[in-house]
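Below: the structure, in structure tokens.
The values are calculated or read from the model by the stated rules, or taken from the named source; none is laboratory data. Quick caveat, the model's predicted, so the values are computed rather than measured. Neighbour counts run over all protein chains shown; Cβ positions are idealised from the backbone, glycine included.
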Amino acid sequence: MSQMEPTDFVKEITKMSVDFDRWYTDVVRKAEMADYTPVRGCMVIRPYGYAIWENIQRAFDDMIKSSGHQNMYFPLLIPEELLMKEAEHVQGFTPEVAWVTRAGSHGELDQPLAIRPTSETIIGTIMRRYIHSYRDLPQLTNQWCNVLRWELRTRLFLRTAEFLWQEGHTFHASPEEARSEVDLILDYYRQIAEDWLAMPVLAGMKTDSEKFAGAVYSKSIEALMRDGLALQAGTSHYLGQNFATAYDIAFSGRDNQRQFCHTTSWGISTRLIGGLIMAHGDDSGLIMPPRIAPIQVVVVPIFRDQEGRDRIERFIAGWAPALSRAKVRYKVDWSERRPGEKYSEYELKGVPLRLEVGPRDVDANQVMVVSRLDRSKLALPVDALEERLPELLDSFHGALYQRALDFRTENSFEFTQLSELLAHFRDRSGLAWVDWCESPECEAQIKAETGGVTIRNFDPRGVAGTPCIVCGRPGRLRVVLARSY
């Protein structure tokens with residue numbers, strides 16, 4: 001299918017159990033979350049998909065504002081001379097940078113302007129204007145924006161040239177304060193993943209080979225998708241004084257001595273939407289975590305004629321205000337499609353709860369509640385809706401989280417011999433726990449011999465109990481390996 005071929009909106013999708021990759025694309029497009037555009041690598045996020053992103057935004061924005069962070073906005077374009085000041089950073093991003101070299105009828109620019117792949121360079125340059133003394137610190141900034149990284153092998157939400165994200169950038173007087181910031185944000189990301197997306201994650205340190213370009217160290221949250229591949233779902237970086245030195249971000253300390261700031265950066269993106277699809281789907285489509293679902297409850301009236309419709313409409317009007325009072329995001333589908341077609345569509349879109357309302361339900365003063373997770377049914381008196389629906393949604397979240405956690409447990413393995421590890425990844429995926437001596441050479445050997453399996457992260461407090469799986473020297477760290485997106 002070409003990228004510009006119109007979506008046919010036929011609701012049948014490839015089964016996850018048959019072709020995971022095709023299933024994923026079918027869900028994204030046919031659930032009307034996102035689609036391709038004429039610009040290679042760039043997607044359109046449709047209203048249903050964007051509503052998910054808005055709910056993630058609101059949740060995370062509330063978290064960072066509660067701890068004193070403030071939103072700002074910085075330029076999309078970065079002068080070449082600024083981007084080039086931090087050598088390791090430039091080397092890491094140069095292959096992905098898109099450049100603006102001409103300005104319409106004005107001709108060639110004096111110097112090329114990079115379209116931001118990330119904003120450490122421009123934000124540091126600007127924020128140094130506002131930092132003079134230790135009294136000006138910390139500066140806790142964040143921006144919600146788009147970035148561009150020239151990706152050619154793209155996949156809707158997961159890896160696109162242009163994507164939406166938040167990028168936090170903070171400036172501190174001491175390394176201890178900056179390191180605490182890294183951990184604070186990493187835990188916020190864990191909360192977004194687990195408490196909002198019902199997606200269990202492993203939070204830990206990245207290896208030097210996997211860290212952000214220019215960072216002293218990076219930390220991440222890693223989730224396991226239902227095809228057995230890992231997804232890096234958020235990262236938080238301690239930049240030390242690297243960027244502050246390169247961009248002269250300095251302040252006068254309590255001792256009146258000039259010193260450079262300690263800085264951090266951190267980000268999550270619309271990749272999270274791809275993650276929740278792959279973490280929670282089944283053969284029928286998406287299963288939406290209730291707390292970020294655009295529609296938490298869909299009401300499907302069932303009637304044969306206008307008289308039946310009028311009767312059910314009056315019935316629903318009597319108790320619908322209770323859903324609003326319970327702060328439940330709901331939709332009543334009065335479209336002329338058959339009930340079965342509506343069921344299929346909302347199952348594809350992953351709406352957590354469906355309320356079926358037919359003539360017998362009116363007679364019994366009840367609704368039939370159907371769970372998207374297991375298709376279980378519950379007859380619920382309408383007088384109980386205001387109290388019970390929020391409880392059912394919370395239970396749904398817990399069950400969805402447990403389902404994902406059980407899947408991760410079933411697909412986590414421990415190895416002490418390299419030959420066993422290699423044999424495993426020839427046939428299977430999942431998470432592999434091993435001990436590692438912390439040698440870059442052993443890390444590179446694992447990646448080479450497994451065809452791309454990498455250390456996702458590790459708990460730096462973890463103590464290895466067996467020899468390094470590659471060289472046999474004493475293990476220093478307990479690490480988790482996986483193929484990843």
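In the stretch 356-366, which residues are in a strand (DSSP E or B) and touching a residue at least 24 places away in the same chain (Cβ under 8 Å)? Across the stretch 356-366, the qualifying residues are Glu356, Val357.
Scanning the stretch 129-184 for residues that are among the basic types (Lys, Arg), over 27 Å from Leu77 (Cβ atoms) and over 25 Å from the mean Cα position of the chain (by Cα) yields a single hit, Arg135.
Among the residues of this structure, Ser218 counts as one that is without any contact (Cβ under 8 Å) to a residue 24 or more places away in the chain and within 28 Å of Phe163 (Cβ to Cβ).
I'm checking my understanding of the structure. Among residues of the stretch 439-461 that are among the acidic types (Asp, Glu) and modelled with pLDDT of 95 or more, which one is surrounded by the most Cβ atoms within 10 Å (Cβ to Cβ)?
Glu443
Take the stretch 462-478 and flag every residue that is hydrophobic (A, V, I, L, M, F, W, C) and loosely packed, with under 15 Cβ neighbours inside 10 Å. Val463 - this is the single residue of the stretch 462-478 that is hydrophobic (A, V, I, L, M, F, W, C) and loosely packed, with under 15 Cβ neighbours inside 10 Å. The listed residues are Glu181, Glu151, Glu177, and the only one of them that is in contact (Cβ under 8 Å) with a residue 24 or more places away in the chain, over 21 Å from Leu477 (Cα atoms), touching a helix residue (DSSP H, G or I) at 6+ places or on another chain (Cβ under 8 Å) and not in a strand (DSSP E or B) turns out to be Glu151. Provide a single number: the residues in the stretch 403-415 that are surrounded by fewer than 15 Cβ atoms within 10 Å (Cβ to Cβ) and either farther than 13 Å from Ala482 by Cα or among the basic types (Lys, Arg) (or both). Within the stretch 403-415, residues that are surrounded by fewer than 15 Cβ atoms within 10 Å (Cβ to Cβ) and either farther than 13 Å from Ala482 by Cα or among the basic types (Lys, Arg) (or both) number 3.
For the stretch 27-48, a residue qualifies if it is crowded, with 21+ Cβ neighbours inside 10 Å, out of contact with any helix residue (DSSP H, G or I) (no Cβ under 8 Å at 6 or more places or on another chain) and over 17 Å from Leu152 (Cβ atoms), but none of them does. What number of residues within the stretch 395-422 are in a loop (DSSP other than H, G, I, E, B) and over 28 Å from the mean Cα position of the chain (by Cα)? Number satisfying all stated conditions: 3.
Phe243 passes every criterion in (1) in contact with a Cys (Cβ under 9 Å, 6 or more places away or on another chain); (2) aromatic (Phe, Trp, Tyr); (3) surrounded by fewer than 24 Cβ atoms within 10 Å (Cβ to Cβ) apart from (3). Residues in the stretch 423-436 that are surrounded by fewer than 16 Cβ atoms within 10 Å (Cβ to Cβ) and part of a helix (DSSP H, G or I): 3 in all. Residues in the stretch 368-382 that are touching a residue at least 60 places away in the same chain (Cβ under 8 Å) and closer than 22 Å to Glu341 by Cα: Arg372, Leu373.
Per-residue answers, yes or no, for (1) among the hydrophobic types (A, V, I, L, M, F, W, C); (2) in contact with a Gly (Cβ under 9 Å, 6 or more places away or on another chain); (3) at pLDDT 95 or above:
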residue: Gly104; (1), (2), (3): no, no, no
residue: Gly107; (1), (2), (3): no, no, no
residue: Glu120; (1), (2), (3): no, yes, no
residue: Gln139; (1), (2), (3): no, no, yes
residue: Trp144; (1), (2), (3): yes, no, yes
residue: Glu151; (1), (2), (3): no, yes, no
residue: His172; (1), (2), (3): no, no, yes
residue: Glu181; (1), (2), (3): no, yes, yes
residue: Tyr189; (1), (2), (3): no, yes, yes
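If you filter the stretch 42-82 down to residues that are among the polar types (S, T, N, Q) and in contact (Cβ under 8 Å) with a residue 12 or more places away in the chain, you find that the one that is nearest to Gly234 (Cα to Cα) is Gln57. If I filter the stretch 59-76 for residues that are assigned by TED's automatic domain parsing to the domain that holds Ser269, among the small types (Gly, Ala, Ser) and surrounded by 14 or more Cβ atoms within 10 Å (Cβ to Cβ), do I get at least one hit? Yes, some residue in the stretch 59-76 is assigned by TED's automatic domain parsing to the domain that holds Ser269, among the small types (Gly, Ala, Ser) and surrounded by 14 or more Cβ atoms within 10 Å (Cβ to Cβ).
What pairs come out if I take residues in the stretch 194-209 that are in the same structural domain as Thr235 (by TED's automatic domain parsing) and under 30 Å from Glu88 (Cβ atoms) and pair them with residues that are assigned to a helix (DSSP H, G or I) and of a type in the set (A, V, I, L, M, F, W, C) whose C-beta lies under 6 Å away, six or more apart or interchain? Final answer for the pair search is Val201/Ala193; Ala203/Leu186.
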